[in-house]
Amino acid sequence: MLTKSVIAEGAPGRAAVSPRQIEEVVARTCSESYYRDKRVLLIVPDGTRTAPVGMLFQALYRQIGDTTAALDVMIALGTHQPMSEAGICQRLEISEAERSKRYGKVRFFNHAWNDPKALVRIGMLPADEIHSLTNGLFAMDVPVEINKQIFDYDQIIIVGPVFPHEVVGFSGGNKYLFPGVSGPDILNFFHWLGAVVTNPMIIGNKWTPVRKVVDRAAAMVNLEKLCFCMVVDGKELAGVYAGTPEAAWDAASELSRQLHITYKAQPFHTILSCAPPMYDELWTGGKAMYKLEPVLADRGELIIYAPHIREVCVTHGKVLMEIGYHCRDYFLKQWEKFKHYPWGVLAHSTHVRGIGTFENGIENCRAKVTLATAIPEDVCRQINLGYRDPKSIRPQEFTNREHEGVLLVPKAGETLYQLKLPPKWAGG
(Lines give C-alpha, C1' and ligand atoms only; values in the text may rest on other atoms or scores of the structure.)
Protein backbone atom coordinates (compact mmCIF):
# COMPACT_ATOMS: atom_id res chain seq x y z
CA MET A 1 0.00 0.00 0.00
CA LEU A 2 1.25 3.49 -0.90
CA THR A 3 2.39 5.43 2.17
CA LYS A 4 3.47 8.70 0.57
CA SER A 5 2.86 10.58 -2.67
CA VAL A 6 4.83 9.80 -5.83
CA ILE A 7 5.40 12.65 -8.28
CA ALA A 8 6.67 13.01 -11.85
CA GLU A 9 6.92 16.45 -13.41
CA GLY A 10 8.35 17.75 -16.65
CA ALA A 11 11.78 19.31 -16.62
CA PRO A 12 12.27 23.11 -16.36
CA GLY A 13 10.75 24.75 -19.39
CA ARG A 14 7.78 22.39 -18.99
CA ALA A 15 9.19 19.46 -20.93
CA ALA A 16 6.71 16.63 -21.00
CA VAL A 17 6.65 13.76 -18.55
CA SER A 18 8.12 10.81 -20.46
CA PRO A 19 6.55 7.36 -20.82
CA ARG A 20 9.48 6.02 -18.82
CA GLN A 21 8.65 8.38 -15.94
CA ILE A 22 5.05 7.17 -16.05
CA GLU A 23 6.24 3.58 -15.80
CA GLU A 24 8.43 4.50 -12.84
CA VAL A 25 5.58 6.24 -11.00
CA VAL A 26 3.29 3.27 -11.54
CA ALA A 27 5.99 0.78 -10.47
CA ARG A 28 6.78 2.74 -7.30
CA THR A 29 3.10 3.12 -6.52
CA CYS A 30 1.74 -0.33 -7.32
CA SER A 31 3.89 -3.30 -6.33
CA GLU A 32 2.91 -6.57 -7.96
CA SER A 33 3.05 -8.45 -4.66
CA TYR A 34 0.58 -6.08 -2.99
CA TYR A 35 -1.98 -6.49 -5.78
CA ARG A 36 -1.82 -10.27 -6.04
CA ASP A 37 -5.38 -11.62 -6.29
CA LYS A 38 -6.93 -8.23 -5.46
CA ARG A 39 -9.98 -6.86 -7.24
CA VAL A 40 -9.32 -3.33 -8.54
CA LEU A 41 -11.69 -0.84 -10.16
CA LEU A 42 -10.21 1.90 -12.30
CA ILE A 43 -12.40 5.03 -12.41
CA VAL A 44 -11.70 7.29 -15.40
CA PRO A 45 -13.38 10.30 -17.08
CA ASP A 46 -15.39 10.17 -20.26
CA GLY A 47 -14.26 11.77 -23.50
CA THR A 48 -14.93 15.35 -22.38
CA ARG A 49 -11.59 15.62 -20.55
CA THR A 50 -8.23 16.03 -22.25
CA ALA A 51 -5.58 13.73 -20.77
CA PRO A 52 -3.51 10.67 -21.69
CA VAL A 53 -5.74 8.37 -19.67
CA GLY A 54 -4.76 5.48 -21.92
CA MET A 55 -1.09 5.88 -21.08
CA LEU A 56 -1.85 5.44 -17.38
CA PHE A 57 -4.29 2.59 -17.96
CA GLN A 58 -1.83 0.66 -20.08
CA ALA A 59 1.04 1.24 -17.63
CA LEU A 60 -1.14 0.03 -14.77
CA TYR A 61 -2.18 -3.02 -16.70
CA ARG A 62 1.41 -3.90 -17.53
CA GLN A 63 2.29 -3.56 -13.86
CA ILE A 64 -0.60 -5.36 -12.16
CA GLY A 65 -3.00 -6.63 -14.84
CA ASP A 66 -1.73 -10.20 -14.76
CA THR A 67 -1.50 -10.20 -10.96
CA THR A 68 -4.92 -8.92 -9.96
CA ALA A 69 -8.04 -11.03 -9.75
CA ALA A 70 -9.82 -8.22 -11.59
CA LEU A 71 -8.82 -4.89 -13.11
CA ASP A 72 -12.00 -3.31 -14.45
CA VAL A 73 -12.87 0.18 -15.71
CA MET A 74 -15.81 2.39 -14.80
CA ILE A 75 -16.52 5.65 -16.65
CA ALA A 76 -17.21 8.50 -14.21
CA LEU A 77 -20.07 9.97 -16.19
CA GLY A 78 -21.74 12.16 -13.61
CA THR A 79 -24.88 12.85 -15.67
CA HIS A 80 -23.17 12.67 -19.07
CA GLN A 81 -24.20 10.19 -21.76
CA PRO A 82 -22.95 6.57 -21.54
CA MET A 83 -19.97 5.68 -23.70
CA SER A 84 -19.97 2.88 -26.25
CA GLU A 85 -17.48 0.03 -26.16
CA ALA A 86 -15.63 1.67 -29.06
CA GLY A 87 -15.68 5.02 -27.27
CA ILE A 88 -14.18 3.51 -24.13
CA CYS A 89 -11.46 1.87 -26.21
CA GLN A 90 -10.70 5.28 -27.68
CA ARG A 91 -10.60 6.80 -24.19
CA LEU A 92 -8.13 4.11 -23.12
CA GLU A 93 -6.15 4.48 -26.35
CA ILE A 94 -6.43 0.83 -27.31
CA SER A 95 -7.63 -0.79 -30.53
CA GLU A 96 -10.63 -3.09 -30.62
CA ALA A 97 -8.25 -5.93 -31.46
CA GLU A 98 -6.19 -5.16 -28.34
CA ARG A 99 -9.43 -4.97 -26.37
CA SER A 100 -10.38 -8.54 -27.25
CA LYS A 101 -6.89 -10.01 -26.84
CA ARG A 102 -4.53 -8.18 -24.51
CA TYR A 103 -7.28 -6.63 -22.37
CA GLY A 104 -9.89 -9.34 -22.76
CA LYS A 105 -10.46 -9.84 -19.03
CA VAL A 106 -11.04 -6.13 -18.37
CA ARG A 107 -14.71 -5.28 -17.97
CA PHE A 108 -16.05 -1.85 -18.95
CA PHE A 109 -18.87 -0.14 -17.04
CA ASN A 110 -20.73 3.14 -17.43
CA HIS A 111 -21.91 4.77 -14.23
CA ALA A 112 -25.71 4.79 -14.04
CA TRP A 113 -26.47 7.90 -11.99
CA ASN A 114 -30.23 7.78 -12.61
CA ASP A 115 -30.80 4.09 -11.86
CA PRO A 116 -31.77 3.65 -8.18
CA LYS A 117 -30.94 -0.06 -8.42
CA ALA A 118 -27.32 0.81 -9.26
CA LEU A 119 -26.89 3.02 -6.17
CA VAL A 120 -26.44 2.54 -2.46
CA ARG A 121 -26.81 5.07 0.34
CA ILE A 122 -23.67 5.18 2.48
CA GLY A 123 -24.75 7.88 4.88
CA MET A 124 -26.10 11.36 5.37
CA LEU A 125 -24.43 14.75 5.65
CA PRO A 126 -26.52 16.36 8.41
CA ALA A 127 -27.81 19.91 8.22
CA ASP A 128 -25.48 21.27 10.88
CA GLU A 129 -22.43 19.91 9.07
CA ILE A 130 -23.69 21.24 5.72
CA HIS A 131 -24.14 24.62 7.39
CA SER A 132 -20.49 24.55 8.47
CA LEU A 133 -19.11 23.24 5.16
CA THR A 134 -21.02 25.83 3.10
CA ASN A 135 -20.15 28.80 5.31
CA GLY A 136 -23.79 29.16 6.31
CA LEU A 137 -25.29 29.17 2.81
CA PHE A 138 -27.29 25.97 3.34
CA ALA A 139 -28.58 23.94 6.28
CA MET A 140 -30.19 20.75 5.05
CA ASP A 141 -29.66 17.01 5.27
CA VAL A 142 -27.94 15.68 2.13
CA PRO A 143 -28.15 11.94 1.38
CA VAL A 144 -24.90 10.43 0.10
CA GLU A 145 -25.39 7.75 -2.55
CA ILE A 146 -22.79 6.13 -4.76
CA ASN A 147 -22.58 3.37 -7.37
CA LYS A 148 -22.87 0.20 -5.29
CA GLN A 149 -20.69 -1.75 -7.71
CA ILE A 150 -17.55 -0.08 -6.36
CA PHE A 151 -17.91 -2.16 -3.19
CA ASP A 152 -17.28 -5.32 -5.21
CA TYR A 153 -13.59 -4.32 -5.23
CA ASP A 154 -10.70 -4.18 -2.80
CA GLN A 155 -9.37 -0.88 -4.12
CA ILE A 156 -10.44 2.04 -6.29
CA ILE A 157 -7.83 3.66 -8.54
CA ILE A 158 -8.85 7.07 -9.87
CA VAL A 159 -7.13 8.28 -13.04
CA GLY A 160 -7.95 11.71 -14.44
CA PRO A 161 -6.83 15.26 -15.17
CA VAL A 162 -7.03 18.42 -13.08
CA PHE A 163 -8.33 21.68 -14.60
CA PRO A 164 -10.02 24.82 -13.27
CA HIS A 165 -13.68 23.92 -12.80
CA GLU A 166 -16.83 26.02 -12.60
CA VAL A 167 -18.56 24.03 -9.82
CA VAL A 168 -15.78 22.81 -7.53
CA GLY A 169 -12.87 25.18 -8.26
CA PHE A 170 -10.44 22.63 -9.70
CA SER A 171 -11.52 19.25 -11.04
CA GLY A 172 -9.94 15.92 -10.16
CA GLY A 173 -9.36 13.88 -7.02
CA ASN A 174 -12.54 12.95 -5.19
CA LYS A 175 -14.63 14.65 -7.85
CA TYR A 176 -14.37 11.39 -9.79
CA LEU A 177 -16.44 9.86 -6.99
CA PHE A 178 -18.79 12.81 -6.43
CA PRO A 179 -20.36 13.44 -8.90
CA GLY A 180 -18.41 10.98 -11.10
CA VAL A 181 -20.08 7.82 -9.76
CA SER A 182 -22.55 9.29 -7.27
CA GLY A 183 -26.31 9.48 -6.92
CA PRO A 184 -28.41 12.51 -7.91
CA ASP A 185 -29.14 14.00 -4.47
CA ILE A 186 -25.62 15.05 -3.56
CA LEU A 187 -24.84 15.79 -7.21
CA ASN A 188 -27.73 18.24 -7.47
CA PHE A 189 -26.95 19.77 -4.10
CA PHE A 190 -23.35 20.73 -4.61
CA HIS A 191 -23.87 21.87 -8.21
CA TRP A 192 -26.47 24.32 -6.94
CA LEU A 193 -24.18 25.28 -4.07
CA GLY A 194 -21.52 26.21 -6.65
CA ALA A 195 -24.06 28.18 -8.65
CA VAL A 196 -25.18 30.14 -5.59
CA VAL A 197 -21.58 31.08 -4.86
CA THR A 198 -21.30 31.81 -8.64
CA ASN A 199 -18.88 30.56 -11.26
CA PRO A 200 -16.49 33.55 -11.15
CA MET A 201 -16.11 33.20 -7.37
CA ILE A 202 -15.55 29.43 -7.56
CA ILE A 203 -13.53 28.72 -10.67
CA GLY A 204 -9.77 28.59 -10.21
CA ASN A 205 -10.02 28.58 -6.40
CA LYS A 206 -8.97 25.45 -4.49
CA TRP A 207 -10.65 25.29 -1.11
CA THR A 208 -14.21 26.09 -2.11
CA PRO A 209 -17.30 25.05 -0.14
CA VAL A 210 -18.05 22.55 -2.90
CA ARG A 211 -14.61 20.92 -2.60
CA LYS A 212 -15.19 20.61 1.15
CA VAL A 213 -18.49 18.83 0.55
CA VAL A 214 -16.94 16.53 -2.08
CA ASP A 215 -14.05 15.55 0.17
CA ARG A 216 -16.35 15.01 3.16
CA ALA A 217 -18.60 12.72 1.13
CA ALA A 218 -15.59 10.80 -0.19
CA ALA A 219 -14.43 10.19 3.39
CA MET A 220 -17.62 8.15 3.82
CA VAL A 221 -16.55 5.72 1.07
CA ASN A 222 -14.98 2.99 3.17
CA LEU A 223 -12.65 1.60 0.51
CA GLU A 224 -8.94 1.84 -0.13
CA LYS A 225 -8.35 4.59 -2.69
CA LEU A 226 -5.40 5.49 -4.89
CA CYS A 227 -5.41 8.45 -7.26
CA PHE A 228 -3.32 9.45 -10.27
CA CYS A 229 -3.92 13.15 -10.96
CA MET A 230 -2.63 14.38 -14.31
CA VAL A 231 -1.91 17.91 -15.45
CA VAL A 232 -1.69 18.43 -19.20
CA ASP A 233 -0.08 21.29 -21.09
CA GLY A 234 -1.57 21.33 -24.56
CA LYS A 235 -1.10 17.79 -25.84
CA GLU A 236 1.70 16.99 -23.41
CA LEU A 237 1.62 15.60 -19.88
CA ALA A 238 3.26 18.18 -17.61
CA GLY A 239 2.84 16.33 -14.32
CA VAL A 240 1.40 13.24 -12.69
CA TYR A 241 0.80 12.87 -8.96
CA ALA A 242 0.02 9.57 -7.25
CA GLY A 243 -1.30 9.27 -3.72
CA THR A 244 -4.53 9.64 -1.82
CA PRO A 245 -7.20 11.51 -3.80
CA GLU A 246 -6.78 14.50 -1.48
CA ALA A 247 -2.97 14.69 -1.59
CA ALA A 248 -2.62 13.97 -5.31
CA TRP A 249 -5.26 16.57 -6.16
CA ASP A 250 -3.70 19.16 -3.84
CA ALA A 251 -0.34 18.89 -5.62
CA ALA A 252 -1.79 18.68 -9.13
CA SER A 253 -4.04 21.70 -8.68
CA GLU A 254 -1.00 23.84 -7.88
CA LEU A 255 0.53 23.00 -11.26
CA SER A 256 -2.85 23.45 -12.94
CA ARG A 257 -3.05 26.91 -11.41
CA GLN A 258 0.24 27.77 -13.13
CA LEU A 259 -0.56 26.24 -16.52
CA HIS A 260 -4.31 26.60 -16.99
CA ILE A 261 -5.00 30.21 -16.03
CA THR A 262 -4.31 32.96 -18.55
CA TYR A 263 -4.36 36.52 -17.26
CA LYS A 264 -5.46 39.49 -19.32
CA ALA A 265 -5.03 43.18 -18.56
CA GLN A 266 -8.38 44.34 -19.90
CA PRO A 267 -11.81 42.77 -20.54
CA PHE A 268 -13.11 42.08 -24.06
CA HIS A 269 -16.38 43.26 -25.55
CA THR A 270 -16.47 40.33 -28.02
CA ILE A 271 -15.22 36.79 -27.44
CA LEU A 272 -15.37 34.00 -29.99
CA SER A 273 -15.11 30.89 -27.83
CA CYS A 274 -14.63 27.79 -29.99
CA ALA A 275 -15.86 24.60 -28.35
CA PRO A 276 -13.91 21.52 -29.51
CA PRO A 277 -15.63 18.36 -30.82
CA MET A 278 -15.25 16.54 -27.48
CA TYR A 279 -18.15 18.74 -26.29
CA ASP A 280 -21.01 17.30 -28.31
CA GLU A 281 -23.93 19.12 -26.65
CA LEU A 282 -24.44 22.46 -24.92
CA TRP A 283 -24.47 20.68 -21.55
CA THR A 284 -20.69 20.22 -21.90
CA GLY A 285 -20.06 22.92 -24.50
CA GLY A 286 -21.13 25.47 -21.91
CA LYS A 287 -17.55 25.29 -20.63
CA ALA A 288 -16.75 27.65 -23.49
CA MET A 289 -18.64 30.27 -21.43
CA TYR A 290 -17.56 29.25 -17.93
CA LYS A 291 -13.85 29.66 -18.60
CA LEU A 292 -14.23 33.03 -20.36
CA GLU A 293 -16.87 34.85 -18.30
CA PRO A 294 -14.26 36.50 -16.04
CA VAL A 295 -12.72 38.43 -18.98
CA LEU A 296 -15.94 39.41 -20.74
CA ALA A 297 -16.76 43.11 -20.44
CA ASP A 298 -20.08 44.31 -19.05
CA ARG A 299 -22.67 44.14 -21.86
CA GLY A 300 -20.18 42.23 -23.97
CA GLU A 301 -21.01 39.31 -26.23
CA LEU A 302 -19.61 35.81 -25.85
CA ILE A 303 -20.20 33.59 -28.87
CA ILE A 304 -20.04 29.83 -28.37
CA TYR A 305 -18.88 28.71 -31.80
CA ALA A 306 -19.52 25.01 -32.28
CA PRO A 307 -21.12 24.07 -35.63
CA HIS A 308 -21.03 20.41 -34.55
CA ILE A 309 -23.31 20.87 -31.51
CA ARG A 310 -26.89 19.92 -32.37
CA GLU A 311 -28.38 19.22 -28.94
CA VAL A 312 -28.95 21.35 -25.88
CA CYS A 313 -28.74 18.21 -23.74
CA VAL A 314 -29.93 14.67 -24.39
CA THR A 315 -30.49 13.88 -20.71
CA HIS A 316 -31.79 17.21 -19.42
CA GLY A 317 -33.01 18.87 -22.62
CA LYS A 318 -36.70 18.76 -21.70
CA VAL A 319 -36.10 20.57 -18.40
CA LEU A 320 -33.85 23.16 -20.05
CA MET A 321 -36.49 23.86 -22.68
CA GLU A 322 -38.92 24.58 -19.83
CA ILE A 323 -36.72 26.76 -17.64
CA GLY A 324 -34.33 28.31 -20.18
CA TYR A 325 -30.98 29.91 -19.35
CA HIS A 326 -31.01 32.57 -16.65
CA CYS A 327 -28.84 34.21 -14.03
CA ARG A 328 -28.76 32.91 -10.47
CA ASP A 329 -31.07 35.53 -9.01
CA TYR A 330 -33.79 34.72 -11.55
CA PHE A 331 -34.16 31.37 -9.77
CA LEU A 332 -33.39 32.45 -6.21
CA LYS A 333 -36.00 35.21 -6.23
CA GLN A 334 -38.63 32.86 -7.65
CA TRP A 335 -37.54 29.84 -5.62
CA GLU A 336 -41.01 28.43 -4.94
CA LYS A 337 -41.52 28.21 -8.70
CA PHE A 338 -38.21 26.51 -9.50
CA LYS A 339 -37.09 24.58 -6.41
CA HIS A 340 -38.68 21.35 -7.63
CA TYR A 341 -36.52 21.21 -10.77
CA PRO A 342 -33.22 19.29 -10.60
CA TRP A 343 -30.79 21.66 -8.93
CA GLY A 344 -27.91 20.52 -11.10
CA VAL A 345 -29.83 21.66 -14.18
CA LEU A 346 -30.58 25.02 -12.58
CA ALA A 347 -26.86 25.35 -11.85
CA HIS A 348 -25.91 24.63 -15.46
CA SER A 349 -28.42 27.22 -16.62
CA THR A 350 -26.89 29.96 -14.46
CA HIS A 351 -23.33 29.01 -15.39
CA VAL A 352 -24.01 29.40 -19.10
CA ARG A 353 -26.03 32.60 -18.70
CA GLY A 354 -23.59 34.24 -16.30
CA ILE A 355 -23.84 36.91 -13.64
CA GLY A 356 -26.97 39.07 -13.49
CA THR A 357 -29.80 40.47 -11.40
CA PHE A 358 -33.56 39.97 -11.15
CA GLU A 359 -35.49 42.93 -9.79
CA ASN A 360 -39.20 43.77 -10.07
CA GLY A 361 -39.71 40.88 -12.47
CA ILE A 362 -36.99 42.04 -14.85
CA GLU A 363 -33.84 40.02 -15.52
CA ASN A 364 -30.71 41.99 -16.28
CA CYS A 365 -27.79 39.79 -17.32
CA ARG A 366 -24.27 41.16 -17.53
CA ALA A 367 -23.39 39.26 -20.70
CA LYS A 368 -24.94 38.49 -24.03
CA VAL A 369 -24.45 34.79 -24.70
CA THR A 370 -24.88 33.73 -28.31
CA LEU A 371 -24.89 30.25 -29.80
CA ALA A 372 -23.32 29.72 -33.21
CA THR A 373 -24.17 26.03 -33.36
CA ALA A 374 -26.49 23.68 -35.24
CA ILE A 375 -29.18 24.34 -32.61
CA PRO A 376 -31.99 26.15 -34.49
CA GLU A 377 -32.64 29.83 -33.94
CA ASP A 378 -36.13 29.30 -32.53
CA VAL A 379 -34.74 26.94 -29.90
CA CYS A 380 -32.02 29.45 -28.95
CA ARG A 381 -34.66 32.15 -28.49
CA GLN A 382 -36.87 29.81 -26.46
CA ILE A 383 -34.06 29.04 -24.01
CA ASN A 384 -33.12 32.73 -23.67
CA LEU A 385 -29.85 32.66 -25.63
CA GLY A 386 -28.79 34.54 -28.73
CA TYR A 387 -28.33 33.00 -32.15
CA ARG A 388 -25.89 33.38 -34.99
CA ASP A 389 -25.69 31.26 -38.10
CA PRO A 390 -22.36 29.44 -37.71
CA LYS A 391 -21.86 29.68 -41.48
CA SER A 392 -21.70 33.47 -41.11
CA ILE A 393 -18.70 33.28 -38.77
CA ARG A 394 -15.12 33.09 -39.99
CA PRO A 395 -12.89 32.55 -36.96
CA GLN A 396 -9.88 34.01 -38.76
CA GLU A 397 -11.66 37.39 -38.75
CA PHE A 398 -11.39 37.40 -34.94
CA THR A 399 -7.64 36.81 -34.79
CA ASN A 400 -5.06 39.36 -33.60
CA ARG A 401 -7.69 41.86 -32.47
CA GLU A 402 -7.19 41.87 -28.72
CA HIS A 403 -6.17 45.55 -28.91
CA GLU A 404 -9.68 46.18 -30.29
CA GLY A 405 -11.34 44.30 -27.44
CA VAL A 406 -11.93 41.14 -29.50
CA LEU A 407 -10.65 37.77 -28.25
CA LEU A 408 -10.47 34.49 -30.17
CA VAL A 409 -10.09 31.26 -28.17
CA PRO A 410 -9.51 28.41 -30.68
CA LYS A 411 -9.99 25.60 -28.14
CA ALA A 412 -12.13 26.75 -25.24
CA GLY A 413 -13.27 24.84 -22.19
CA GLU A 414 -10.17 23.90 -20.22
CA THR A 415 -8.02 27.02 -19.89
CA LEU A 416 -9.42 29.65 -17.53
CA TYR A 417 -9.13 33.32 -18.45
CA GLN A 418 -9.04 35.89 -15.66
CA LEU A 419 -8.29 39.59 -15.34
CA LYS A 420 -5.15 40.68 -13.57
CA LEU A 421 -7.32 43.10 -11.60
CA PRO A 422 -10.69 41.31 -11.31
CA PRO A 423 -13.91 43.16 -10.44
CA LYS A 424 -15.70 42.51 -7.14
CA TRP A 425 -18.14 40.06 -8.72
CA ALA A 426 -15.14 37.89 -9.71
CA GLY A 427 -13.41 38.02 -6.35
CA GLY A 428 -11.49 41.29 -6.73
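The values are calculated or read from the model by the stated rules, or taken from the named source; none is laboratory data. As the structure is a prediction and not an experimental result, all values here were calculated from the model. Cβ: placed from backbone, ideal geometry, glycine included. Neighbour counts: every protein chain shown. Ligands, DNA and RNA are excluded from the accessible area calculation, which covers all protein heavy atoms including side chains. Shrake-Rupley method; radii C 1.70, N 1.55, O 1.52, S 1.80 Å.
Tally time: how many residues in region 200-210 are closer than 22 Å to SER182 by Cα and either polar (S, T, N, Q) or outside any helix (DSSP H, G or I) (or both)? Number of matching residues: 4. Quick one: in region 352-385, which of the residues that are touching a residue at least 40 places away in the same chain (Cβ under 8 Å) and over 25 Å from the mean Cα position of the chain (by Cα) is nearest to ALA306 (Cα to Cα)? Only one residue tops the list, namely VAL379. No other residue among VAL221, VAL213, VAL196, VAL232 is open to solvent by less than 40 Å² (accessible area, probe 1.4 Å), touching a residue at least 40 places away in the same chain (Cβ under 8 Å), among the aliphatic types (A, V, I, L, M) and part of a strand (DSSP E or B) apart from VAL232.
I'd like to check something: does region 330-347 contain any residue that is among the β-branched types (Val, Ile, Thr) and either in contact with a Phe, Trp or Tyr (Cβ under 6 Å, 6 or more places away or on another chain) or open to solvent by 50 Å² or more (accessible area, probe 1.4 Å) (or both)? No, region 330-347 has no match at all.
Residue-level analysis places TYR417 outside the set of residues that are surrounded by 15 or more Cβ atoms within 10 Å (Cβ to Cβ), at pLDDT 95 or above and within 19 Å of LEU282 (Cβ to Cβ). Under the condition of being within 20 Å of THR134 (Cβ to Cβ) and touching an Asp or Glu at 6+ places or on another chain (Cβ under 9 Å), the residues counted in region 145-165 number 1. Is there a residue being in a strand (DSSP E or B), out of contact with any helix residue (DSSP H, G or I) (no Cβ under 6 Å at 6 or more places or on another chain), of a type in the set (A, V, I, L, M, F, W, C) and within 16 Å of LEU42 (Cα to Cα) anywhere in region 157-174? Yes: region 157-174 contains one or more residues that are in a strand (DSSP E or B), out of contact with any helix residue (DSSP H, G or I) (no Cβ under 6 Å at 6 or more places or on another chain), of a type in the set (A, V, I, L, M, F, W, C) and within 16 Å of LEU42 (Cα to Cα). For the residues GLU246, GLU254, the requirement of being open to solvent by 60 Å² or more (accessible area, probe 1.4 Å) and in contact with a helix residue (DSSP H, G or I) (Cβ under 8 Å, 6 or more places away or on another chain) singles out GLU246.
A residue that is open to solvent by less than 70 Å² (accessible area, probe 1.4 Å), in a helix (DSSP H, G or I) and in contact with a strand residue (DSSP E or B) (Cβ under 6 Å, 6 or more places away or on another chain) can be found somewhere in region 370-382. Do we find a residue being touching a strand residue (DSSP E or B) at 6+ places or on another chain (Cβ under 9 Å), closer than 27 Å to ALA251 by Cα, open to solvent by 30 Å² or more (accessible area, probe 1.4 Å) and among the charged types (D, E, K, R) anywhere in region 152-161? Yes: one or more hits. The set of residues in region 104-116 being under 26 Å from LYS175 (Cβ atoms) and either assigned to a loop (DSSP other than H, G, I, E, B) or open to solvent by less than 60 Å² (accessible area, probe 1.4 Å) (or both) consists of VAL106, ARG107, PHE108, PHE109, ASN110, HIS111, ALA112, TRP113, ASN114, ASP115. ASN188: of a type in the set (S, T, N, Q), farther than 22 Å from GLY47 by Cβ and assigned to a loop (DSSP other than H, G, I, E, B), yes or no? Answer is no for this residue.
In this structure, ILE130 does satisfy being open to solvent by less than 10 Å² (accessible area, probe 1.4 Å), outside any loop (DSSP other than H, G, I, E, B), out of contact with any Lys or Arg (no Cβ under 6 Å at 6 or more places or on another chain) and in contact (Cβ under 8 Å) with a residue 24 or more places away in the chain.
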